[in-house]
Amino acid sequence: MSPSTRDGPTDGSTADEPATDEPATDEPATDESTTDGSTGDDRSTGDDRSTGRRAGDAIFRSDLGRAGRSAATDAADRGSEPDDDPRVRIDGVGKRYGDQWALRDVTLDLDAGVVGLLGPNGAGKSTLMGILTTFTAPTEGTVTVDGVDVSEDPTAVRSRLGYLPQEFGVYPDLTAREFLEYLGALRGLDRATARERAVDLLSVVNLADAADRRLDTFSGGMTQRVGIAQALLADPDVLVVDEPTVGLDPTERARCRNVLADLARDRVVVLSTHIVSDVEATASDVAVLVDGRLRTHTDPETLVESVDGRVWECVVDDRGAIDPAHLVTSTARRGDGRRVRVVAGDPPTDDATPVDPTLEDAYLALLDGRDPNGGGRP
Ligand SMILES: Nc1ncnc2c1ncn2[C@@H]1O[C@H](COP(=O)(O)OP(=O)(O)OP(=O)(O)O)[C@@H](O)[C@H]1O
């Protein structure tokens, strides 16, 4: 049996090779054969009717007989109080390719919750995820997961970490249950444990009703949730997901987001995405990378507040009516003209009305960096 097409691990687990500085090994495994699932019929709901569990219920972690991997449990095993160290500590991390720095001096502490990793193309998000998932060796700085250094002991880090790559491949002729059992066996689980875990995980991602359907009948969103399930096979403390909602319809996006938010109750979920509304809907933290550097790490509410009182909507005949010194975050043609959304210190037109800011307004203003009072970019 072979996966549809892929060059790397089918399960999105991290590569077996130790992290290296060679760019050739810095490419995360990708899969060009995602299921588009146009024939899928997803009847799953937020609740698993067979068990009555909610996605990501804490019961899942204990059910899996997890051998105490969290910092808290490790500390309890050692007979000591858990320390205040964050689950993930990224300290002064940089990555250089040739003479170009893809990432520089990034310091981030992460604990349970969803951290939305945002940044324009080329900002360094994939590089940072590659370092976190042990694919890529940092040039400088350290990353620890539950106190374990990714460079010193990548194998131990991998056992604490689940990864859903952007392109996730499945074996289309297997059922969801068979697929997870297979990946569980690859991870060294015995048959009974793999079976039990597959059932639990399908419940966690609200696919219990579809467990015995072949994967080639799954919609794109269902396949992504299978991807999340496989990333949870080792019941990781840290889940890294790369653009999990791209190409999904709004209903499936919401389902996927809800699963991630539920899982983040007792895990670090690193959500790398360009879809700012997904971050707004799920994240407790937002980290913005620009040109390889961390521009901000805060909570979404604080970022939104940064443009409070500076977002306006107005209707204009054409966009030229807006002072080019102002940042236009959206424009839509309406019957009465163009409705534009503007970030500016003062009303951009006489009839502009103030509106509640969104995270997207704040994010675009942060990237734009121009003076909201109209003075242009610094
Ligand atoms: N293997 C590599 N060899 C050389 N340069 C690389 C390599 N991987 C990434 N880079 C460079 O590092 C910088 C950061 O790239 P990275 O892919 O991490 O950004 P990103 O934020 O993930 O972008 P995107 O949103 O487009 O996926 C870019 O300038 C990119 O060209």
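What number of residues within the range 291-329 satisfy the criterion of being under 16 Å from Leu359 (Cβ atoms) and not in a loop (DSSP other than H, G, I, E, B)?
Of the residues in the range 291-329, 13 are under 16 Å from Leu359 (Cβ atoms) and not in a loop (DSSP other than H, G, I, E, B).
Given the residues Val316, Val328, Val311, which is the only one that is more than 13 Å from Gly116 (Cβ to Cβ), more than 16 Å from the ligand (Cβ to nearest atom), outside the structural domain of Val106 (by TED's automatic domain parsing) and modelled with pLDDT of 95 or more? Don't jump to the end; show me each part of the working.
Working: Val316 fails: modelled with pLDDT of 95 or more; Val328 fails: modelled with pLDDT of 95 or more.
Every option except Val311 fails the conditions.
Could you run through the range 92-143 and say how many residues are more than 9 Å from the ligand (Cβ to nearest atom) and not in a strand (DSSP E or B)?
Of the residues in that region, 11 qualify.
For the range 199-250, what are the residues that are assigned to a helix (DSSP H, G or I), under 18 Å from the mean Cα position of the chain (by Cα) and not hydrophobic (A, V, I, L, M, F, W, C)? So that I can check it myself, show each step before the final result.
Just the residues of the range 199-250 that are assigned to a helix (DSSP H, G or I), to begin with: 199-204, 208-210, 215-217, 220-231, 250.
Now narrow it down to the ones that are under 18 Å from the mean Cα position of the chain (by Cα): 204, 220-231, 250.
Gly220, Gly221, Thr223, Gln224, Arg225, Gly227, Gln230, Pro250 - these are the residues of the range 199-250 that are assigned to a helix (DSSP H, G or I), under 18 Å from the mean Cα position of the chain (by Cα) and not hydrophobic (A, V, I, L, M, F, W, C).
Hey, any hits in the range 189-210 for a residue that's surrounded by 23 or more Cβ atoms within 10 Å (Cβ to Cβ), of a type in the set (Val, Ile, Thr) and in the same structural domain as Thr155 (by TED's automatic domain parsing)?
Checking the range 189-210: at least one residue is surrounded by 23 or more Cβ atoms within 10 Å (Cβ to Cβ), of a type in the set (Val, Ile, Thr) and in the same structural domain as Thr155 (by TED's automatic domain parsing).
Enumerate the pairs (first residue in the range 233-258 and closer than 25 Å to Ala194 by Cα; second residue anywhere and surrounded by fewer than 22 Cβ atoms within 10 Å (Cβ to Cβ) and aliphatic (A, V, I, L, M)) with beta-carbon separation below 6 Å, excluding pairs fewer than 6 apart on the same chain, so at least 6 apart or on different chains.
Asp235/Leu64; Val240/Met129
So, Leu164, is that one under 30 Å from Glu301 (Cβ atoms), modelled with pLDDT of 95 or more and either crowded, with 19+ Cβ neighbours inside 10 Å or more than 16 Å from the ligand (Cβ to nearest atom) (or both) or not?
Against the criterion (under 30 Å from Glu301 (Cβ atoms), modelled with pLDDT of 95 or more and either crowded, with 19+ Cβ neighbours inside 10 Å or more than 16 Å from the ligand (Cβ to nearest atom) (or both)), Leu164 does not qualify.
The values are calculated or read from the model by the stated rules, or taken from the named source; none is laboratory data. Everything quoted here is computed from the prediction, not taken from an experiment. Neighbour counts are summed over all protein chains in view; Cβ atoms, including those assigned to glycine, are modelled from backbone coordinates with ideal geometry.
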